[in-house]
Amino acid sequence: MIDDLSIPPFLRQISIFAIVIIFIMGLNFTAPIVAPILLSIFLAVIIVPFLLWLNKKSVPYNIAHLITIIGIIVLGLFIIDLFYVTIIQLKGQLPNLSISSSSILAGEANTVIQSIASTLASSGVSNLANIIENGFFVLLATVFLVYETPKMKQRLIKAFGKGNPKLDRMLILIHEFIQYFVIRIRVNLFAAVGITIILFIPFGPNFAILWGLLTFILGFIPYIGIILATILPALMAWAKYGLEGALAVVVLFAIINTIAESFIFPRQTSKGLQLSMYVVFVSLFLWGWILGPIGVFIAVPLTIVVVKYLENFDETRWLAFIMKSGDEDT
């Protein structure tokens, strides 16, 4: 009879694999729409704790939300203005920067400088308009999400029922997420302020703040982010102050990053959210390919979601276990 038919285990595995592939290809195809939506969710998760903190300080919810939104807009406009002014300055300075040919690897360094200068020079109005359009959408979506997120818990309780195991796991994951990224913000802020202060004299206020902002933003990209944040200031220091200046910048970045990542972050973060170094490294490229540049920035939170989802099923719990760092107690 039809009711007695069962799908062989190997066919179930093949079916699951095929569904995953189709899902990934669908995400890749819809990345221009999906990526900004996921980024707005990520930003809302980061911002909501500040809104809740204001509300706990006896500030009425609507006023706390208004203060939060005004703060987002002011900070966003400041960052956009700083990036615009600094990029204009970089466009003017980079073509004239040149490292002495007698220095080690000077030719390769000059090639990188000119490549960056060429990229900045070729960034036209269409690219800028596209960035502004996506940025405006992300801003509006984040504003609405920040307002709705604190109320979402009560809606979920009404939908699933109080004490529902699935809802409890979901709320625990959201709580861990918020804790994780609040700590991540603190660590990135420490690194950004340190870099800004150290580079203030040799590079001036605009560039020092720019390198600090890049350190903060790229700090959400594990392992690779700090390397990317170091490249341009090190090359500019090389051209202005010689090889010793570049080495000094690299050493300073390394010291601050070591303090932030090896001492501050591990002491505060939840071990349950630690991922294997290999998994993190691969996830950066995988999510970057699927969602584009935005995918690189939110690769870690997306991978954490995948791991937490895999933990809910007996058949995939082993896979979630090997994707973790293995540092947590067993």
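Please treat every number below as a calculation from the coordinates, not as lab data. Keep in mind that what you see is a predicted model, and the values were worked out from it rather than measured. Neighbour counts are summed over all protein chains in view; Cβ atoms, including those assigned to glycine, are modelled from backbone coordinates with ideal geometry.
Brief remarks follow.
- Three-way shape call for region 12-162 based on the alpha-carbon gyration tensor, with the a/c threshold at 1.5: oblate
- Assuming charge only on the beta carbon of Lys and Arg (+1) and of Asp and Glu (-1), the dipole of region 12-162 about its Cα centre is about 940 debye to the nearest 20.
- Rounded if a/c under 1.5, otherwise prolate or oblate - the chain, Cα gyration tensor axes: prolate
- Annotation: amide H-H contacts under 5 Å for K324 (H modelled 1.01 Å from N, sequence separation of 5 or more, or interchain): S276.
- Helical mean residue ellipticity (222 nm; -39500 (n - 2.57) per DSSP H run of 4+; nearest 500) of the chain: -27000 deg cm²/dmol
- 15 Å beta-carbon shell around A141, net charge (K/R +1, D/E -1): -2
- For the chain, a crude dipole built from +1 on the beta carbon of Lys and Arg and -1 on the beta carbon of Asp and Glu, taken about the Cα centre, is about 860 debye to the nearest 20.
- Residue among L105, A18, L51 farthest towards the positive dipole end of the chain, charges placed on Cβ: L51
- Global form of region 6-84, assessed from the alpha-carbon gyration tensor, a/c cut-off 1.5: oblate
- Membrane-span-like helices in the chain (whole DSSP H runs, Cα extent of at least 27 Å along the helix axis, mean Kyte-Doolittle hydropathy of at least 0.5): 9-29, 31-56, 61-93, 125-160, 165-203.
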